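Right, one structure below, let's go through it.
The values are calculated or read from the model by the stated rules, or taken from the named source; none is laboratory data. Just so you know, these numbers come straight off a predicted model, no measurement behind them. Here the Cβ positions follow ideal geometry from the backbone for every residue, glycine too, while neighbour counts run over all protein chains shown.
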Amino acid sequence: MPRRILITGASISGTTAAWWLGRAGFDVTVVERAPAFRDGGQNVDVRGIGRTILREMGLERAALDRGTGEEGTAWVDAAGRPAARFMAGETTGEGPTAEMEILRGDLARLLHEASRDHAAYRFGDSIARAEEDGTVVFAGGGTERYDAVIVAEGVGSATRERVFQGENDPRWMDLTIAYFTVPRTPADDRLWRWYNAPGGRSVSLRPDPYGTTRAMLSVHGPLPEAQGWDIARQKAFLRERFRDAGWEAPRVLAALDDTDDFYFDVLRQVRMPRWSRGRIALTGDAAWCATPLAGIGATLAITGARVLAGELLHGGDVLGALAAYERAMRPIVGQAQGVPKIAPRLMHPRTRTGIRVLHAVLRAASTPALRGVAGRLFGGSREEPDLSRYGEVRADIATQGGVV
């Protein structure tokens, strides 16, 4: 059984893997390039098997308590009037707003706090080179050898690009989204308000638990070159594209100068022919980023980490465990990545007529008769890995560690 584990990346997938492996008594080190734990980020939701895993970890209640307070989703017109509304809990299954809505940083911090007594965290360092036999050279100096190296760095993983050079064949989704925090106003409510403007543009405002509001500016159309722009050019692009968008666009653009959490993302899926090479394994967005369009990113991060840890705990040799992990996760990842490229186009009409049609369809889907259809549309069932093969967490795990 492998005992010495290195995890690179201290966000949702990395901290989840650290919890499971560290609680089982493994020698776990988490290395993170950032100088300190990173809070912040926009809304994520956790559904289905992801919530089951948090419940296993004893963290479900805490995650709900740290939620954003979002009560539902409303598509609005230029005057802010709802054209269609989906309240959390009204649909069969889950609609666009799940019961567990939480900021990315808050979920990662919850997992970090739960795991740090059982894993060593090394901030301000990163992997300079990793070999298939588990030998790692750190950017900060020093060479170590591990039984397994777990790469959980995210969609732009530098370690993935070095170890699996040229293997990622990204699928660009023709949608660019900017995320940042703006000051809250008295008119902001507890709904995710989504406004469509002609030209394939949208403006979204979502509540958070900190007295501010999380904004998103989205533009439909191919724009892969924008991922390489500097922040000044990205902001200039947004000001130009949204200057006549209407609704709350002027307020959101005015906040661009002062925001300290601006994030600009040209959405692309990570498509890897394999998730492991020797003793090195990819998980989370580094392995399979499905983009926010799939609505399951955080759930996949938690699930992948749980399955990978389970296979390492119970699978015997490392190579066999990594192969079993990939077999277990491929079906759910394949379904999540199956979002058709037409989906962002349909949700970002280019004409006012198209926007009226979208609103009419959403208004019909929000009626009681069609709420079951809406639930399948926004949070449909997926083929999920069988967690029972990894056993259950022991009642005394908090004091003794271990999995049976």
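Output the number of residues of the range 200-219 satisfying the condition of being over 16 Å from F242 (Cβ atoms) and in contact (Cβ under 8 Å) with a residue 40 or more places away in the chain. Write out each step before concluding.
Initially, the range 200-219 is screened for residues over 16 Å from F242 (Cβ atoms), giving 206-214.
Those still in the list that are in contact (Cβ under 8 Å) with a residue 40 or more places away in the chain too: 206-209, 214.
Within the range 200-219, residues that are over 16 Å from F242 (Cβ atoms) and in contact (Cβ under 8 Å) with a residue 40 or more places away in the chain number 5.
Pick from R345, R330: which is of a type in the set (K, R), under 30 Å from I280 (Cα atoms) and either within 20 Å of the chain's Cα centre (by Cα) or buried (at least 16 other Cβ atoms within 10 Å of the Cβ) (or both)? Before the answer, list the steps.
Numbers: R345 fails: under 30 Å from I280 (Cα atoms).
Among R345, R330, only R330 is of a type in the set (K, R), under 30 Å from I280 (Cα atoms) and either within 20 Å of the chain's Cα centre (by Cα) or buried (at least 16 other Cβ atoms within 10 Å of the Cβ) (or both).
Residue check, T259 against (1) outside any loop (DSSP other than H, G, I, E, B); (2) under 23 Å from D230 (Cα atoms), all met but one. Which one? All conditions pass for T259, except number (1). Pairs are defined by a Cβ separation below 7 Å, a sequence spacing of at least 6 or placement on different chains, a first member in the range 224-243 that is touching a residue at least 12 places away in the same chain (Cβ under 8 Å), and a second member that is of a type in the set (S, T, N, Q) and in a helix (DSSP H, G or I); the pairs so defined are A226/Q234.
Rundown of residues vs (1) of a type in the set (A, V, I, L, M, F, W, C); (2) crowded, with 21+ Cβ neighbours inside 10 Å; (3) out of contact with any Lys or Arg (no Cβ under 6 Å at 6 or more places or on another chain), yes/no style:
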residue	(1), (2), (3)
R171	no, no, no
A178	yes, yes, yes
D188	no, no, yes
L191	yes, yes, yes
N196	no, yes, yes
G200	no, yes, no
R206	no, yes, no
P209	no, no, yes
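Within the range 95-104, one or more residues are under 27 Å from D188 (Cα atoms), modelled with pLDDT under 95 and surrounded by fewer than 20 Cβ atoms within 10 Å (Cβ to Cβ).
In this structure, does T283 turn out to be of a type outside the set (D, E, K, R), buried (at least 22 other Cβ atoms within 10 Å of the Cβ) and either at negative phi or at pLDDT below 95 (or both)? The answer is yes for T283. Part of a loop (DSSP other than H, G, I, E, B), more than 19 Å from the chain's Cα centre (by Cα), farther than 19 Å from A301 by Cα and of a type outside the set (K, R): which single residue out of G95, G25 fits that description? Just one listed residue meets the conditions, G25. When the range 113-150 is filtered for residues that are crowded, with 23+ Cβ neighbours inside 10 Å and under 14 Å from T15 (Cβ atoms), the ones remaining, listed by number, are S115, A119, I150.
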